[in-house]
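S.K.: Could you have a look at this structure, given as structure tokens, before my questions?
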Amino acid sequence: MKVTSGILSEVQMAEELAALPEMLLDFGVRQVEAYFGFGCDGPMDELYKVALLSPDTIPRWVVSEGTRIGFNMSRGDLYIEAVDKRFGMHFCHDSDIHVEGTSVEAVAILERRWRDLGFPGYVFVGDQWVSFSQAGPNNSFKADGFAAA
């Protein structure tokens, strides 16, 4: 199951990052793997190094480690994935957020949140991305409408 926020401002992306720890805890996620990737200004050998974090430490880690690694929201990649791989978010250098996972509930909650916030998002249906407006409401609940993550 996949959903994307559509293009967001740096402020909107930062607000979603700030809301993430509480959502992860609500999903029952107690530990995540987090790492920075493409688009960061720091040394290449420091990218894609996984840190194990509890959800409540994510914001502090992004600030401290992100500063060290040269991360800038909407210009660098940040990945946060549940250790059991049922849910993951990619704060993308292309100014959007991707969510992918096997947890229908978690992906659906993010889709609904982003629809409610008026984000210009997309859901992955069959083998193509379909805009929220064309996909109809609550598309993530239709598990047969998504390719497996």
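The values are calculated or read from the model by the stated rules, or taken from the named source; none is laboratory data. This is a predicted model, so every value here is computed, not measured. Ligands, DNA and RNA are stripped out before the accessible areas are found, and what is left, the full protein with its side chains, is counted by its heavy atoms. Shrake-Rupley method; radii C 1.70, N 1.55, O 1.52, S 1.80 Å.
S.K.: Compute a Gaussian network model of the chain, connecting alpha carbons closer than 10 Å, and tell me which residue from Ala18, Ala82, Ala106 fluctuates the most.
M.R.: For the chain, modelled as a Gaussian network with Cα springs under 10 Å, the answer is Ala18.
S.K.: Cα convex hull of the range 32-86: how many Å³ per residue?
M.R.: It comes to 74 Å³ per residue, whole-number rounded.
S.K.: A follow-up question, please. Per residue, what volume in Å³ does the convex hull of the Cα atoms of the chain enclose?
M.R.: Taking the convex hull of the Cα positions in the chain, it is 99 Å³ per residue.
S.K.: Starting from the Kirkwood Rh over alpha-carbon pairs, what translational D in µm² s⁻¹ does the range 1-67 have by Stokes-Einstein at 10 °C and 1.306 mPa s?
M.R.: My calculation gives 119 µm²/s for D.
S.K.: Check Val125: other-chain or 5+ apart residues with amide H under 5 Å from its amide H, H built from backbone geometry?
M.R.: The answer is Val130.
S.K.: Sticking with this structure for a sec: Leaving out ligands and nucleic acids, and using a 1.4 Å probe, what accessible area per residue does the chain come to in Å²? Please list the in-between numbers first.
M.R.: On the way: 7310 Å² over 149 residues.
Solvent-accessible surface per residue comes out at 49 Å².
S.K.: Could I ask something else about it? What part of the accessible area of the range 1-105, given as a whole %, is carbon or sulfur when the probe is 1.4 angstrom?
M.R.: On the way: 2660 of 4900 Å².
Answer for the range 1-105: carbon and sulfur cover 54 percent of the accessible area.
S.K.: Sticking with this one: Can you list the residues, at least 5 places off or on another chain, whose amide H is less than 5 Å from the amide H of Phe38, using H built in the peptide plane?
M.R.: Asp77
S.K.: Find how much the distance from Leu117 to Val130 grows on full extension, using 0.36 nm per residue of separation minus their present alpha carbon separation; answer in nm with one decimal.
M.R.: 2.9 nm
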